[in-house]
1. Could you tell me which trypsin sites (Lys or Arg not before Pro) in region 1-46 are loop residues by DSSP with no more than 12 other beta carbons within 10 angstrom of their beta carbon?
2. Separation of region 195-216 and region 141-176 by C-alpha centroid, Å?
3. So which DSSP H runs in the chain come out at 20 Å plus along the axis (Cα) with average Kyte-Doolittle of at least -0.5?
4. Under 19 Å from the Cα of Lys26, which aspartates and glutamates turn up, not counting those fewer than eight places away in the same chain?
5. Would you calculate, for the chain, the mean residue ellipticity at 222 nm contributed by helices, counting each DSSP H stretch of 4 or more residues as -39,500 (n - 2.57) and dividing by all residues, to the nearest 500?
6. How many Å³ per residue does the convex hull of the Cα positions in the chain occupy?
7. For every other residue with a beta carbon closer than 14 angstrom to the beta carbon of Leu206, add +1 if it is Lys or Arg and -1 if Asp or Glu, then tell me the sum.
8. Give the aspartates and glutamates reachable from Lys152 as a straight Cα distance under 16 Å; neighbours fewer than 8 places away on the same chain don't count.
Amino acid sequence: MRELAIIILQHNTPEFVEDNLKALSKADLPENTEIIVVNNGGNDANDKIDLEAYKGLKVKFFETPNDGFPAGNNFGMSKTESKYYAFINPDIVVSPDTFAKLLEYMAANPQAGIVSPQLIYKDGTVQDNYRVFPRIFDLIIKRIPQLHSFFKRRLSKYLMWDRDPNANQAVDWVTGAFTIVSSNCLEAIKKHDSENYFLFMSDVALCREAYKKGFETHIVGQVKCLHNDARVSSGGLLDVVKKRIIRIHIADAISYFWNYKFEKLPKNCPSRRQP
């Protein structure tokens, strides 16, 4: 069995995938690493990717209907077998040593079923892609900028602003922009939850289910890579009526809280262990 499979799920963003693949072609990857690019309901976007972008890489391309983010990742995962599965957004640009360091970390920390590196925006800002499991009000506060100053302490706790971004540690959950998941963890969880989520919150549920199965989620702050984030769900309260993507976010959030309405947080997750 190969050590690493990389799944890139795009939705008609071939220019991002090109940059992603160019970076991967310069990265230190395990021998026989397979890359699966899934075009999730775009306009033949895979055909627009320059062949030179992935010269020397083992890449397979697939076209699927847009059944959502978790469904697209599950489809990609079904097309390969590996010890570790990396799910990365097309707008991720890895450093040459990104995967070597993350896989080394996972080998040394087998309890970490899910890991993510520190993600950096183009302007150098550190992305808060690690968080505690949300309450409903946490998502409302984060969504509405006008509330940030009134609930700064709560927002800071949710987004872990007091944490050293360069540290390696267990966290409740990491966003789905870049995760590596061990096959052992995925075998326990089975798959990304495509039945209850279309785009958002499936990453929260994945990490929560991992903790329920005895695994941990870790942020590896000493490993960094670029995230050219399009921030598709950004917007305030008035944008709810304008942007379908925000309405999807709200629907997925409702589904998450409904699914876990009678469940306490897993005993082994960091926020549950805190006094």
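1. Passing both the DSSP loop test and the Cβ count: Lys26.
2. Taking the Cα centre of each part, region 195-216 and region 141-176 sit 19 Å apart.
3. Going by DSSP H runs, the hits are 244-259.
4. Within reach: Glu3, Glu15, Glu18, Glu34, Asp50, Glu52, Asp91, Asp97, Glu104.
5. -9000 deg cm²/dmol
6. It is 130 Å³ per residue.
7. Details: positive: Arg131, Lys190, Lys191, Arg208, Lys212, Lys213; negative: Asp172, Glu187, Asp193, Glu195, Asp203, Glu209, Glu216, Asp252.
Overall, the nearby charge balance is -2.
8. Of all the aspartates and glutamates, those that pass the test against Lys152 - Cα under 16 Å, at least 8 places apart if same chain - are Asp128, Asp138, Asp162.
Coordinate-derived values only; no laboratory data. Just so it is clear, the model here is predicted, and its values are computed rather than measured. Note: ideal-geometry Cβ built from the backbone for every residue, glycine included; neighbour counts use all protein chains shown.
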